Amino acid sequence: ELLIERFAPSAAGVYGLSNAREWIFIGEAQNIKSALLAHLQATNPAVAGHSPTGFTFEVCSPDARFARQDRLIQELAPVCNRNEPRNPHHM
């Protein structure tokens, strides 16, 4: 939590959660820091069940967020994104 507070920006972009074995979740948010902290507070039990130990992020413009998220989900196949419906903004 301290690392997120220190390093994650309060800016729009995409983020990822992982552990030593796998990518857990890729998401997009208007505020990366808030989204990461919400995951740590176990608002998503599926993510918490995989015990995330690391995070990454990429600041990008609001109109590029969804496309970048989709591309990273396709490339990294995070376990908690596999059964989620595609983002409605692309339909």
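The values are calculated or read from the model by the stated rules, or taken from the named source; none is laboratory data. This structure is a prediction, so every number in the text was calculated from the model and none was measured. Counting neighbours? That spans all protein chains shown, and the Cβs are built from the backbone with ideal geometry, glycine included. In case anyone asks, the SASA skips ligands and DNA or RNA and just uses the protein heavy atoms, side chains included. Shrake-Rupley method; radii C 1.70, N 1.55, O 1.52, S 1.80 Å.
Below, the figures for the structure above:
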item: Test for residue 11: is it surrounded by 11 or more Cβ atoms within 10 Å (Cβ to Cβ) and either modelled with pLDDT of 90 or more or on the phi < 0 side of the Ramachandran plot (or both); result: yes
item: Unmet criterion (only one of (1) under 14 Å from residue 3 (Cα atoms); (2) loosely packed, with under 15 Cβ neighbours inside 10 Å; (3) touching a Lys or Arg at 6+ places or on another chain (Cβ under 9 Å)) for residue 57; result: (2)
item: Test result for residue 75, over 12 Å from residue 18 (Cβ atoms), at pLDDT 80 or above and charged (D, E, K, R); result: yes
item: Given (1) touching a helix residue (DSSP H, G or I) at 6+ places or on another chain (Cβ under 6 Å); (2) touching a residue at least 24 places away in the same chain (Cβ under 8 Å), index of the condition residue 59 fails; result: (1)
item: Pick from the stretch 18-54, criterion open to solvent by 60 Å² or more (accessible area, probe 1.4 Å) and in a helix (DSSP H, G or I), ranking: nearest to residue 6 (Cα to Cα); result: 34
item: Meets criteria (among the β-branched types (Val, Ile, Thr) and modelled with pLDDT under 90) for residue 53; result: no
item: Tabulated pairs, the stretch 26-52, first farther than 12 Å from residue 15 by Cα and free of Cβ contacts under 8 Å to residues at least 60 places away in the same chain, second open to solvent by 50 Å² or more (accessible area, probe 1.4 Å) and assigned to a helix (DSSP H, G or I), C-beta under 8 angstrom, 6+ apart or interchain; result: 52/40
